[in-house]
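Structure, as structure tokens:
No lab work stands behind these numbers, since they all come straight from the coordinates. This structure is a prediction, so every number in the text was calculated from the model and none was measured. Neighbour counts run over all protein chains shown; Cβ positions are idealised from the backbone, glycine included.
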Amino acid sequence: MKDMDHTQLLQGTPNFPPVALGAWAWGNDNTFGGNYTPQNLKPVFEEAMGRNFILWDTAFVYGMGTSERILGSFLREKQRNSYRISAKFTPQHADRKKENSVEAMFEESCDLLGVSYIDTYWIHNPVGMETWVRQIIPLAKQGKIGEIGLSNFNLAEIKRAQEILAEEGLQAKAIQNHYSIVCRSSETSGILDYCKQNKMTFYAYMVLEQGALTGRFDPEHPFLEGTSRAKNYNKILSRFAQLNQVTGEIAERYRATVAEIMIAWAIAKGTVPIIGVTKISQVEELDNAVKIRLTEDEIGKLEAAADRSGIRTIRMWEKEMLP
Ligand SMILES: NC(=O)c1ccc[n+]([C@@H]2O[C@H](COP(=O)([O-])OP(=O)(O)OC[C@H]3O[C@@H](n4cnc5c(N)ncnc54)[C@H](OP(=O)(O)O)[C@@H]3O)[C@@H](O)[C@H]2O)c1
């Protein structure tokens, strides 16, 4: 179903829990190793929508249109005011022949998703940001996007982008960075505080370290060889196992799973976690997680265990968010 008028759209949107669902794995680009089809993802989508998880995060680059095409096929059956969309312009895939490469990728995503308006549109990373921040401005001015988001930007880059936007009376309202218990540089570098001070939402991605922080994988049960998950995590799964054991002890108190505690931790830190889901049970666990309230003492124990683990999980597209 195509968009209705944008103002009506926002008025009709119900309140929803402070989490987003991630659809990178739906792109089947060999990062995750699954074979996710519309047939096996549709029940996952419906389970999420039924539980009021209505904010979907995707990008054209997730399978070069595959994730957006699958998600769009489900969204077309829904009223536009019943869900929110978060999608991204990826500089490395800009069509530089176009006058405005950001608008061109935006339009392509809209076609795949079956929408004419995207709630949060992101610049996926800061490579060439001076150009892309300027090119996103017309989308905001024409009311085609609800808010501008910056992803994988460090604090200096965020401030520079805000300067450019301020010249046009605009402001980025959202930041999306890697933030898990073993990757807290967005916190130590002051980005979380900056977001609070400037009333911006911080979206945390890879809160579960793509499954390594769920207790499902250990040296005896590694990620599927040949996938990017295997390449990044298999050699350090014994360290994750030790950390997951500490998390598991806290999980027992809540009759929860390790994944639920990691999601609850990200919420307790004031972030909106984006959780990649490929199974109905994962949506059910997400629903449990949003109800858990960790104590300061538990948060301290989890973070101390993460620090002791010495795990570093900076991915090839990322950098340490130094202060
Ligand atoms: N802006 C950026 O640069 C950027 C970068 C990365 C990610 N993201 C966004 O953030 C989203 C989340 O990141 P991600 O998907 O890479 O990683 P993630 O959320 O840390 O992990 C997702 C994976 O964890 C497993 N999982 C999820 N819930 C679980 C549960 N309750 N119990 C056990 N296992 C569970 C699933 O693995 P199985 O499929 O094997 O079951 C799922 O595919 C992405 O989908 C994407 O939308 C953005």
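Normalised by 2.2 N^0.38 Å, where N is the number of residues, the alpha-carbon radius of gyration of the range 100-230 equals 1.22.
Farthest toward the positive end of the dipole of the range 1-158, out of Trp26, His124, Phe16, is the Cα of Phe16, where the dipole comes from beta carbon charges about the Cα centre. Equivalent ellipsoid of the range 131-185: semi-axes from √(5λ) of the C-alpha gyration tensor, largest first, are 24, 12, 8 Å.
Based on alpha carbons, the Rg and Dmax found for the chain are 19.0, 57 Å. Note on Asn198 and Asn15: the extension gain reaches 63.7 nm, defined as 0.36 nm multiplied by sequence separation minus the Cα-Cα distance. Loop-located GluC sites (Glu not before Pro) in the range 129-224 (DSSP state other than H, G, I, E, B) with a sparse environment of at most 13 neighbouring Cβ atoms within 10 Å: Glu167, Glu168, Glu220. Here the mean projected area of the convex hull built on the C-alpha positions of the range 163-205 is 3.2 nm².
Charge dipole of the range 23-140 (Cα centre as origin; +1 on each Lys and Arg Cβ, -1 on each Asp and Glu Cβ, all else neutral): 120 debye, rounded to the nearest 20. Between helix 155-166 and the chain there is an angle of about 20 degrees, using the helix long axis and the longest principal axis of the Cα atoms.
Each Cα pair under 8 Å and six or more residues apart adds its separation to the average, and for the range 162-230 the resulting relative contact order is 28 percent.
For the chain, the mean residue ellipticity at 222 nm estimated from helices alone is -12500 deg cm²/dmol, where every DSSP H run of n ≥ 4 contributes -39500 (n - 2.57) and the total is divided by all residues, rounded to the nearest 500. Normalised by the number of residues in the range 188-323, the mean separation of alpha-carbon contacts (under 8 Å, six or more apart) gives a relative contact order of 30 percent.
The percentage of C-alpha pairs in the range 1-155 whose separation is greater than 22 Å is 39%. The range 164-228: which trypsin sites (Lys or Arg not before Pro) are DSSP loop and have at most 16 other beta-carbon atoms within 10 angstrom? Sites meeting the loop and neighbour criteria: Lys199, Arg216. Label separation (Gln245 vs Glu107): 5.8 nm, computed from points 7 Å beyond Cα along the C-beta direction. The share of alpha-carbon pairs in the range 259-303 lying farther apart than 17 Å comes to 29%.
Relative to its Kirkwood radius, the Cα radius of gyration of the range 33-76 gives an Rg/Rh of 0.95.
Relative to the longest principal axis of the C-alpha atoms of the chain, give the angle of the C-alpha long axis of helix 258-268, reported between 0 and 90° and rounded to the nearest 10°. Compared with the principal axis, the helix lies near 50 degrees. Treat every Asp and Glu Cβ in the chain as -1 and every Lys and Arg Cβ as +1, leave all other atoms uncharged, and give the resulting dipole magnitude about the Cα centre to the nearest 20 debye. My answer is approximately 100 debye.
Computed log10 I(q)/I(0) for the range 223-323 at 0.10, 0.16 Å⁻¹: -0.31, -0.83, from the Debye equation with unit scatterers placed on every C-alpha and solvent omitted. Compared with the dominant Cα axis of the chain, that is its longest principal axis, helix 101-113 is turned about 70°.
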